[in-house]
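In what follows, a structure is listed as structure tokens, so that the remarks can point back to it.
The values are calculated or read from the model by the stated rules, or taken from the named source; none is laboratory data. Worth saying up front: this structure is predicted, and the values here are computed from it rather than measured. Backbone-built Cβ (ideal geometry, glycine too); neighbour counts: all protein chains shown. Areas reflect the complete protein model, heavy atoms only, side chains present, ligands, DNA and RNA absent. Shrake-Rupley method; radii C 1.70, N 1.55, O 1.52, S 1.80 Å.
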Amino acid sequence: MDASNETQDRRQQRMQSAASFKAFLLKNSTESNLNLYDHLTQLLMKVMTEHPHNAVDVIEDMSRDVKRGLFHDMQSTLRDLPQTTAAELLAEQQCSLFSRPEDAAQEEELVETPLPNVSEIGFNLEQAGVSLGREEMQRIFLALKQLVESQALPRCRLWGKILGTQSNYIVAEAECREGEEDEEQSADEAPEDEDREAETQESEMDPLPESTYKPPPVVPKEIIGTGVNKFVYYVCNEPGLPWVKLPSVSPAQIVVARQIRKFFTGRLDTPIVSYPPFPGNEANYLRAQIARISAGTQVSPQGFYQAGEEEGDEEDETPRDSYEVNPDFEGIPVTEMVESLSFWVHHVQHILQQGRCTWVNLTVKPGEESYEEGESDEKEEEPDEPEPEVGPPLLTPLSQDAEMFNSPPWSSKLSSALTSQHAVAVLRSNLWPGAYAYATGKKFENIYIGWGVKYAGEGYIPSVPPLPQKEYPSGADITETLDPTLEEEQMLQEALEEQQAAQEEMEEEEEEEEEEDDD
Amino acid sequence: VPLQRGSIWSLQVLLEQDFWLIIEEISDFNCMDWLLLPAATDSMISEVSKAARGRFIGDPSFVYERAEVNRKSEDRVIPAASVFQNKVKEETRLSVTVHQIDQEVSVVPRGSFIRNHQGLVLVNRSFTGLSESESRKLDSFLHFREAKNPKQRSVLQNPAVDFLEVLSDDIPKGSWSVQCEFASRVCVLRSLLWLGLTFYHLPGTPQHGYVYMGDGTKNLDLPFML
């Protein structure tokens, strides 16, 4: 009897401890109003329904999920405002790209379009390993089509993409319409009048030293349609956003752009803070870099373009700036294009030191253009006429490009070494990292995808400011001389006294003589 | 060693041959021949910094030479014996460069790795990605390397997650470019210090990764360019 009592007691004890433990489990947590019993029940039910793999390893995650799942049961009576997601915004912007105008739809197929063959270029760029991704390329080309239609451009192509710190630029190159003129006005004429007014006020006092600084003469811009401004460039941040036309570039901007090194931010109105100070904001700097990159890296297979009709003598010094598509171009085999750089030529004019493609002689003053006298006389009269700057003529092969920083300026490769009969020849610039050109058969294309900075070798050193100018011309009244020493002063004084004494004697003698005469 | 085993890098070099690297220090040039790169050590790093200049050549057995003159001698006449020739092979330089890039600009989103109480760094399997607004801020991305100056910034930090340094503490400020493309479906970070390092993350998903495609030179002009 005792034994059964004991087991009963023990069983009861166990039941009691179990009940108290269960009560403990059911006790709600003070913080979250949950209790462990319910939580464990739900967790085990979840494991039962889901049968996860390696359940013991992921049990903590499941526990956290169960806890998290409880919170969504509370529904607030407020409805969330439907927020336009970024996807919707982008879709709105880009749906205009996908709409077709109702009229000209059928006519376009017959007339030669100003757009290049979009899908073909995209495919070839992919082969070359350079592309931006198919979806983006398609959108970009649709945006180009929109640009062409809205601006009625005769010809347009994708120039490339310039990366920036906050957003990027997609750049399109276009031929400008005929008859378009530059609408910008120079603001250089205003300050001179102010200086003259200030000078008249100071004439009462001693004339203050005037500044003899004359700024060097401004090199004139090239006309739209020639030289550096041959093409017009449009940029947008993303396909679908409106295109912005970049202003034409001036030689001063190119000269300074060569001396500074800056990233782009993605906003066209950012000021460029640099030394030497850049005359313009980011839009101008972007245009200047585009001009430099085009001049340095736009290449084509030799023979694709031929020189325009030559006018006059061949001794004409102005470099030819026109070229035409050669109708007899046969295409160069791709393997040959890869092996030697002489099969590629530049088809954009080189930019001279001055910042233009055609040299301008700034020292010629109006009124002295007396070319009627013999040429030999003219040369003698102007001994310091600067030498005209000459650049390599158009359509020079790449094999004549200078080597910089111990590295060849271009690297070439085939897109595929295994199927070379269908491969694309790819040329990569080492001076402007990001500039590529490909050629296959009779087609070629250039593109730039990069940060917009040139390879600068070991390090970039910003230019040193010029020496401070002399504030005043050195003359006798300003130059310091040594003060006379005491002995010298005494000597001078004695000499003066002697002179005075001598003079007085002479005067006395004269007076005496006069008195004597009077007598 | 990070999650991205098998992530492919590529270094573009001078001549036709480009390098392709996989994160376990293997290199090759045309995806056909693979060599094992030696792991970078401190002595190798100092060797490379003395000898190698300019761009990569493209040939792993190329030897860089640079004469360094011993300046401790005060005489004008420098005896020939104290002119050191620092020689470094290109594969050493390559491995050191890879190591440096990893140390300086490898990026992971916040929350993708957890450190447990023993100090082990583990992949966080319940990482569901950053939200869209978080992925626009540089604060949500961390360097994936041993923290050199860990800072406690706010009480909200979770020590299991915030044991790495934040990208926004990088000097100079602005050396990262954050962009959200494709309707915020992808968030792209580009390093301006090592031009060509690109990190991507798809907000809302645990996918992330980084790739280096460039010429293997550090952009020391960065302060001038910002």
Query raised in the report: Hey, does region A:268-285 have a residue that's open to solvent by less than 20 Å² (accessible area, probe 1.4 Å) and in contact with a Pro (Cβ under 8 Å, 6 or more places away or on another chain)?
Result: yes
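Would you call A:R258 at pLDDT 85 or above and open to solvent by 60 Å² or more (accessible area, probe 1.4 Å)? Don't jump to the end; show me each part of the working.
Working: at pLDDT 85 or above: yes; open to solvent by 60 Å² or more (accessible area, probe 1.4 Å): yes.
Yes, satisfied.
Tell me the residue from A:S407, A:S420, A:S399, A:S416 that is modelled with pLDDT of 70 or more and assigned by the TED database to the domain that holds A:R356, please.
Working: A:S407 fails: modelled with pLDDT of 70 or more; A:S420 fails: modelled with pLDDT of 70 or more; A:S416 fails: modelled with pLDDT of 70 or more.
Among A:S407, A:S420, A:S399, A:S416, only A:S399 is modelled with pLDDT of 70 or more and assigned by the TED database to the domain that holds A:R356.
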Requested in this report: Restrict the check to region A:358-371 and report whether at least one residue is within 14 Å of another protein chain (Cβ to nearest Cβ), modelled with pLDDT of 65 or more and open to solvent by less than 50 Å² (accessible area, probe 1.4 Å).
Outcome: no
Report summary line: Selection from region B:197-226 of residues small (G, A, S) and either over 20 Å from A:L431 (Cβ atoms) or free of Cβ contacts under 8 Å to residues at least 60 places away in the same chain (or both) yields B:G204, B:G209
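Every residue, every condition in (1) away from chain B (no Cβ under 14 Å); (2) in a helix (DSSP H, G or I); (3) touching a residue at least 60 places away in the same chain (Cβ under 8 Å); (4) closer than 27 Å to B:R125 by Cα, yes or no:
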{"residue": "A:F21", "(1), (2), (3), (4)": "yes, yes, no, no"}
{"residue": "A:Y37", "(1), (2), (3), (4)": "yes, yes, no, yes"}
{"residue": "A:L40", "(1), (2), (3), (4)": "yes, yes, no, yes"}
{"residue": "A:M45", "(1), (2), (3), (4)": "yes, yes, no, yes"}
{"residue": "A:M48", "(1), (2), (3), (4)": "yes, yes, no, yes"}
{"residue": "A:H53", "(1), (2), (3), (4)": "no, no, no, yes"}
{"residue": "A:S63", "(1), (2), (3), (4)": "no, yes, no, yes"}
{"residue": "A:V66", "(1), (2), (3), (4)": "no, yes, no, yes"}
Query raised in the report: What are the residues in region A:275-290 that are in contact (Cβ under 8 Å) with a residue 24 or more places away in the chain and of a type outside the set (K, R), if any?
Result: A:Y275, A:P276, A:F278, A:P279, A:G280, A:A283, A:N284, A:Y285, A:L286, A:A288, A:Q289, A:I290
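Does any residue of region A:182-198 turn out to be at pLDDT 50 or above and surrounded by fewer than 17 Cβ atoms within 10 Å (Cβ to Cβ)? If you could, list the steps in order and put the result at the bottom.
The initial filter retains those residues of region A:182-198 that are at pLDDT 50 or above, namely none.
The answer is no, given that none of the residues of region A:182-198 is at pLDDT 50 or above and surrounded by fewer than 17 Cβ atoms within 10 Å (Cβ to Cβ).
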Query - In region B:86-134, the residues that are of a type outside the set (G, A, S), within 20 Å of the chain's Cα centre (by Cα), within 19 Å of B:R190 (Cβ to Cβ) and not in a helix (DSSP H, G or I) - result: B:V107, B:V108, B:P109, B:R110
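Would you mind finding the one in A:G450, A:G391 that is at pLDDT below 70 and either within 24 Å of the chain's Cα centre (by Cα) or within 14 Å of another protein chain (Cβ to nearest Cβ) (or both)?
On the way: A:G450 fails: at pLDDT below 70.
Exactly one residue qualifies, and that residue is A:G391.
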Query raised in the report: Is at least one residue of region A:235-246 at pLDDT 85 or above, in contact with a Pro (Cβ under 9 Å, 6 or more places away or on another chain) and under 30 Å from A:W451 (Cα atoms)?
Result: yes
Query - Leading residue by the ranking (surrounded by the fewest Cβ atoms within 10 Å (Cβ to Cβ)) among those in region A:478-500 that are of a type in the set (A, V, I, L, M) and within 30 Å of A:L208 (Cβ to Cβ) - result: A:L482
Query - Whichever residue in region B:136-179 is within 17 Å of the chain's Cα centre (by Cα), assigned to a helix (DSSP H, G or I) and surrounded by fewer than 17 Cβ atoms within 10 Å (Cβ to Cβ) and, among such residues, is modelled with the lowest pLDDT - result: B:D169
Query raised in the report: Name the pairs whose Cβ atoms lie under 8 Å apart, with the first residue in region A:342-353 and touching a residue at least 12 places away in the same chain (Cβ under 8 Å) and among the small types (G, A, S), the second open to solvent by 10 Å² or more (accessible area, probe 1.4 Å) and assigned to a loop (DSSP other than H, G, I, E, B), and 6 or more positions between them or separate chains?
Result: A:S342/A:Q302
